[in-house]
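Undergrad: Would you mind keeping the following structure in view while I ask a few things?
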């Protein structure tokens, strides 16, 4: 199938498929005229890559994890689990930072509301 059909069947843009190929996440063969051709396997692979992106993984991390899919072994599985654990820890740290930032904003909003109320009370009195 050509790139447009792959993109359509996988629910992504043609640009995404090209990016995935540039990153080494999917491969194609080329026709004599240079057109990319893909197999049904790439439809499933792109869907899998989309799930990995949705989990917050970068293309670099996805490239590191693909050997577990392409050549399953205990060693590759152990590496993939360790790498995903690192990514989960990174996300947890980021979430904690976001919560602290949100809490700081909540504090500023409370102060602003109190100041606004104080100004209203002073204007009435």
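Undergrad: Any idea which of 12, 17, 46 is over 28 Å from residue 95 (Cα atoms), surrounded by 13 or more Cβ atoms within 10 Å (Cβ to Cβ) and not assigned by TED's automatic domain parsing to the domain that holds residue 94? Break it down stepwise before answering.
TA: Details: 12 fails: over 28 Å from residue 95 (Cα atoms); 46 fails: over 28 Å from residue 95 (Cα atoms).
Unique residue meeting the criteria: 17.
Undergrad: Looking only at segment 29-42, which residues are surrounded by fewer than 19 Cβ atoms within 10 Å (Cβ to Cβ) and touching a residue at least 12 places away in the same chain (Cβ under 8 Å)?
TA: Filtering segment 29-42 for residues surrounded by fewer than 19 Cβ atoms within 10 Å (Cβ to Cβ) gives 29-35, 37, 39-41.
Within segment 29-42, 35, 37, 39, 40 qualify.
Undergrad: Here's another thing I want to ask about it. Of the residues 119, 75, 86, which single one is farther than 30 Å from residue 23 by Cα and either part of a helix (DSSP H, G or I) or assigned by TED's automatic domain parsing to the domain that holds residue 26 (or both)?
TA: Details: 75 fails: farther than 30 Å from residue 23 by Cα; 86 fails: farther than 30 Å from residue 23 by Cα.
Matching residue, one of 119, 75, 86: 119.
Undergrad: Out of 26, 46, which single residue is touching a helix residue (DSSP H, G or I) at 6+ places or on another chain (Cβ under 8 Å), within 23 Å of residue 9 (Cα to Cα) and part of a helix (DSSP H, G or I)?
TA: On the way: 26 fails: part of a helix (DSSP H, G or I).
Matching residue, one of 26, 46: 46.
Undergrad: Out of the residues in segment 70-91 meeting the condition of being more than 16 Å from the chain's Cα centre (by Cα) and surrounded by 15 or more Cβ atoms within 10 Å (Cβ to Cβ), tell me which one is farthest from residue 26 (Cα to Cα).
TA: At the first step, the residues of segment 70-91 found to be more than 16 Å from the chain's Cα centre (by Cα) are 70-82.
Now narrow it down to the ones that are surrounded by 15 or more Cβ atoms within 10 Å (Cβ to Cβ): 76, 79-80.
Working: 76: 19, 79: 21, 80: 19 Å.
Once the filter is applied, the top-ranked residue is 79.
Undergrad: Is it true that some residue in segment 74-81 is under 30 Å from residue 2 (Cα atoms) and in contact with a helix residue (DSSP H, G or I) (Cβ under 7 Å, 6 or more places away or on another chain)?
TA: Within segment 74-81, the subset under 30 Å from residue 2 (Cα atoms) is none.
Among the residues of segment 74-81, not one is under 30 Å from residue 2 (Cα atoms) and in contact with a helix residue (DSSP H, G or I) (Cβ under 7 Å, 6 or more places away or on another chain), which makes the answer no.
The values are calculated or read from the model by the stated rules, or taken from the named source; none is laboratory data. On a predicted model such as this, the values are computed, not experimentally measured, just so you know. With ideal geometry, Cβ positions are generated from the backbone for all residues, glycine too; neighbour counts draw on all protein chains shown.
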